[in-house]
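Q: Just dropping this structure here.
The values are calculated or read from the model by the stated rules, or taken from the named source; none is laboratory data. Quantities reported herein were computed from a predicted structural model and do not represent experimental measurements. No Cβ is skipped: glycine too gets one built from the backbone with ideal geometry, and neighbour counts run over all protein chains shown. Ligands, DNA and RNA are stripped out before the accessible areas are found, and what is left, the full protein with its side chains, is counted by its heavy atoms. Shrake-Rupley method; radii C 1.70, N 1.55, O 1.52, S 1.80 Å.
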Amino acid sequence: MFLEVVGAEYIEDYKIRITLNSGQCGIIDFKDELWGPVFEPLRNIELFRKYQISKAFGTIEWENGADIAPEFIEEKLKREDARTYCS
């Protein structure tokens, strides 16, 4: 089974609650990840909030072409105490 994002809900600031098809879920703060030419425009909170789940790639993506790999999201969920926010 390929790892995919199946749910994403904006919380606040640069935080999104993400659910993976593996059952893992939690809130990730992407504030420190928004560097580099593709991600820096997303520091504008209005642009950041306009993400969507890509059916083709199984991750979250933005209009400017930025996306976050599900494997990176999974690692963030493992490192952060994010799972306590799942219901």
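Q: Among the numbered criteria (1) at pLDDT below 95; (2) surrounded by fewer than 17 Cβ atoms within 10 Å (Cβ to Cβ); (3) of a type in the set (A, V, I, L, M), which one does residue 82 miss?
A: Among (1) at pLDDT below 95; (2) surrounded by fewer than 17 Cβ atoms within 10 Å (Cβ to Cβ); (3) of a type in the set (A, V, I, L, M), the lone unmet condition for residue 82 is (2).
Q: Exactly one condition in (1) touching a residue at least 60 places away in the same chain (Cβ under 8 Å); (2) open to solvent by less than 50 Å² (accessible area, probe 1.4 Å) is not met by residue 76; state its number.
A: (1)
Q: Which residue pairs have Cβ atoms closer than 6 Å, lie 6 or more positions apart in sequence or on different chains, and pair a first residue in segment 29-43 that is of a type in the set (Lys, Arg) with a second residue that is modelled with pLDDT of 95 or more?
A: From segment 29-43, the pairs are 31/14; 43/34.
Q: Filter segment 24-57 for residues that are assigned to a helix (DSSP H, G or I), open to solvent by 50 Å² or more (accessible area, probe 1.4 Å) and under 21 Å from residue 74 (Cβ atoms) and give the result.
A: The answer is 31, 32.
Q: Could you count how many residues in segment 1-23 are open to solvent by less than 60 Å² (accessible area, probe 1.4 Å), in contact with a Pro (Cβ under 9 Å, 6 or more places away or on another chain), touching a residue at least 40 places away in the same chain (Cβ under 8 Å) and over 15 Å from residue 78 (Cβ atoms)?
A: Total satisfying the criteria: 1.
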